[in-house]
Structure formats: C-alpha cells, structure tokens
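K.L.:
Got a structure for you, questions after.
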Amino acid sequence: MSIIVKDGNSADKYYQTIEDGSLANPFQSVVPNYSVAQAIRDIEAQYSDTVSIWDKAKSLLKYGGNPDLDVAVSETIWNTGGNETLKTANEIDIVVSTDAGDTQEIVIEGHTISGNDLTFVTQTLTLNGTTNVSLTTPLARVNRLYNNDSTDFAGVITVEDNGTSVNLTVDGTKNENQSRKCQTAISQFDYYIITQMSGGIVGNISANVAFKFQIAPVGGVWRTVREFNSNIYTEIPVVPHIIVPPNHDVRMLGTSDTNNTEAVGEFAGYLASIQ
C-alpha cells in the first residue's frame, strides 16, 4: 500500500510499504538497491518512461541448455540447436510430441505481434500424443513450455510453425518437463532490467565456451551488449544493470573451442511495467 505525508512546505510525499503496520509490527518501507533504482532512473532519462518493478511484481529468469556446441559455430543456448529465425507474423501454431502417450496438460508462454508491438500471452493446452494440437492463440514468439500435469513427458515436445520451423523444444526423453531456452522477448508494455547472467559447460569435457548476451529490437539486428568466457561455470553480476526496452528480443549465444560441448546459460532480472 502507499501512504502520503506532508513535508515542511505542505507538499505531498509518497511512500510505499509492503504491508499494513501495527504497534507491534510497524510499516516497512520498500527501498530498492541503488543499482535497480539507478536503472529505473536511467529509463526515465533515456526513454522518458516512468516504470515500476513493484507494480509489475515479476522477476524473470531465463535458463537454457544446448546439448551440442561445435568448434567456431555460434548457437543459441536452447534445446533446439542453431538459432531461431524470428517471426514477423503470428505463425507459430501447433504443439506435438514424438510419443503417443503424451497427453498432459501444458502451459505455453509467448508473444503475439502486431506491427512491431509484442503482447504477452499464456495459454493452457492438452497434448494429443503424435497428433498436432493447434494453439488457441498463434504466436510470433514462444518463450516457455512446461508440464502442468502429474505425469512426466515421455517424448520430445516441440512448438512449431506447422512443419516449417521448430521454435521451442522440451526433451522428455531426458526427464525434462520444461523448456530450456535462454531467449525471450519483452512486450510493448515492459522494460527488462538484467541484474545477473551465468554460463558454463556440462560434464567432464575440457572446453572453453565464449558466451554472448544479445538484444534486438523487433525487426532490427542483434547486437552484443555483454560477453564472457567460461571453461567451468561462471556467474556474472551485471552492474550497472542492462536495460532492455519494450518490443525487444534477448538471447544468449555460445561458441565452443571443442566439438560436442554441452553448455548451459541463464540471465535474470526484473520486469518493470510502464506507468
């Protein structure tokens, strides 16, 4: 809740609290750390938008894995492999499994597109084994799929542009019940404040992976805004924080110096809604 007090000049000053107070449990003020507060101020100064992470109330962590990076080949850290060709229309329209027994309820998160504007959409569907299931709302971006049932996936689940492209993969043959896609999109209503990222290799292989964090406006080109190398697992605090504006895509790429390298990566932060 918010409270209003008068200063010495009788001007209203606004304070936010995390709960109602009492004599035994007084009000507690909410003060973001300096870096987050500075990022919010930067957004106002650079883009003339006032934003709130408190009103949005959504932390966002994107984690992914690529099972097979090869020498000098740059790929997104996601199960599907390679790099996704981003859609300019709402063409991602089916979900299907490679196993006839997969009939679980699933949740798919993604974005529709209109012009250059992205809108976040969540939909719940029921798999029908190896038979295509049409999405309730066709998408231009698919960011996450997870099993919302009580039975593990048995097959490989893919979300597709009906046979034209695979835009997300969940490998149930490896006991996965959620997609691993270190890529997402930011809607027309939000900013994304990136506070940390990490990446590394899986298993005993001796390899070094060069990681790149990239952003791109809808319809624009990718540009690298942070990079690091890792031959184990490396966590990178991002200070000052990276600000991703509305209607942008974000992804993490990996390039190995050794064939057949399995790599994982993640980035995390806060969504901030435009007020």
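K.L.:
Can you sort 47, 270, 34, 191 from fewest to most other Cβ atoms within 10 Å of each residue's own Cβ?
P.N.:
Ordered by Cβ neighbours within 10 Å, fewest first: 34, 47, 270, 191.
K.L.:
From the convex hull of the Cα coordinates of the range 17-161, what is the mean projected area in square nanometres?
P.N.:
Averaged projected area of the range 17-161's Cα convex hull equals 14.2 nm².
K.L.:
Can you put 248, 111 in order, fewest other beta carbons within 10 Å first?
P.N.:
248, 111
K.L.:
Moving to a separate point now. Putting +1 on Lys and Arg Cβ atoms and -1 on Asp and Glu Cβ atoms, find which of 103, 163, 115 reaches farthest to the positive end of the dipole of the range 92-174.
P.N.:
The one lying farthest along the dipole's positive direction is 115.
K.L.:
In bins 5 Å wide, starting from 0, what share of all Cα pairs of the range 154-218 does each bin hold, as a percent?
P.N.:
Distribution as computed: 4, 11, 15, 16, 21, 19, 11, 3, 0 percent.
K.L.:
Straight-line reach from residue 56: which lysines have Cα under 26 Å away, leaving out those fewer than 8 places along the same chain?
P.N.:
13, 181
K.L.:
Taking the Cα centre of the chain as origin, work out the dipole magnitude from +1 charges on Lys and Arg Cβ and -1 charges on Asp and Glu Cβ, in debye rounded to 20.
P.N.:
Approximately 660 debye in magnitude.
K.L.:
Hey, for a label at residue 236 modelled as a point 7 Å past Cα toward Cβ, could you say which residues of the range 192-227 have their backbone N under 11 Å away?
P.N.:
196-200, 210-214, 224-227
K.L.:
To the nearest 0.05, what FRET efficiency results for residue 15 and residue 131 with a Förster distance of 45 Å applied to their C-beta separation?
P.N.:
About 0.20, to the nearest 0.05.
K.L.:
Averaging the inverse of every distinct alpha carbon separation and then flipping it gives the Kirkwood radius. What is it for the range 159-275, in angstrom units?
P.N.:
Taking the inverse mean of 1/r over all distinct Cα pairs, the range 159-275 comes out at 15.7 Å.
K.L.:
If you don't mind, there's one more thing I want to ask. Take the alpha carbon atoms of the chain, find their radius of gyration, then divide it by 2.2 N^0.38 Å using N residues; give the quotient.
P.N.:
Here the answer is 1.13, to two decimals.
K.L.:
Continuing with the same structure: Note down the nm distance, to one decimal, between modelled labels 7 Å out along Cα→Cβ at residue 91 and at residue 59.
P.N.:
Placing both labels 7 Å beyond Cα along the Cβ direction yields 3.7 nm.
K.L.:
Oh, and also: I'd like the FRET efficiency for residue 74 and residue 275, computed as 1/(1 + (r/R0)^6) with the beta carbon distance as r and R0 of 41 Å, rounded to 0.05.
P.N.:
The value I calculate is 0.60.
K.L.:
Moving to a separate point now. Restricting to DSSP loop positions (anything but H, G, I, E, B) with no more than 14 other Cβ atoms inside 10 Å of their own Cβ, which trypsin sites (Lys or Arg not before Pro) remain in the range 34-114?
P.N.:
Within the range 34-114, the qualifying trypsin sites (Lys or Arg not before Pro) (loop, at most 14 other Cβ atoms within 10 Å) are 58.
K.L.:
Using a cut-off of 28 Å between alpha-carbon atoms, which lysines can reach residue 174, once sequence neighbours fewer than 8 places away in the same chain are excluded?
P.N.:
62, 212
K.L.:
Mind pulling the angle between the C-alpha long axis of helix 34-47 and the longest principal axis of the chain? Nearest 10 degrees, somewhere in 0 to 90.
P.N.:
Relative to the chain, helix 34-47 is tipped by roughly 90 degrees.
K.L.:
Also, quick follow-up: Could you work out the relative contact order of the chain? I mean the mean sequence separation of Cα pairs under 8 Å and 6+ apart, divided by the number of residues, in percent.
P.N.:
It rounds to 24 percent for the chain.
K.L.:
While we're here: Could you give the Stokes-Einstein D for the range 92-174 in µm² per second, using the C-alpha Kirkwood radius, 25 °C, 0.890 mPa s?
P.N.:
D, rounded to a whole number, is 194 µm²/s.
Where a number appears in this text, it was derived from the coordinates with a stated rule and is not lab data. Quantities reported herein were computed from a predicted structural model and do not represent experimental measurements. For neighbour counting, all protein chains shown are included, and Cβ atoms are generated from backbone atoms with ideal geometry for every residue, glycine included.
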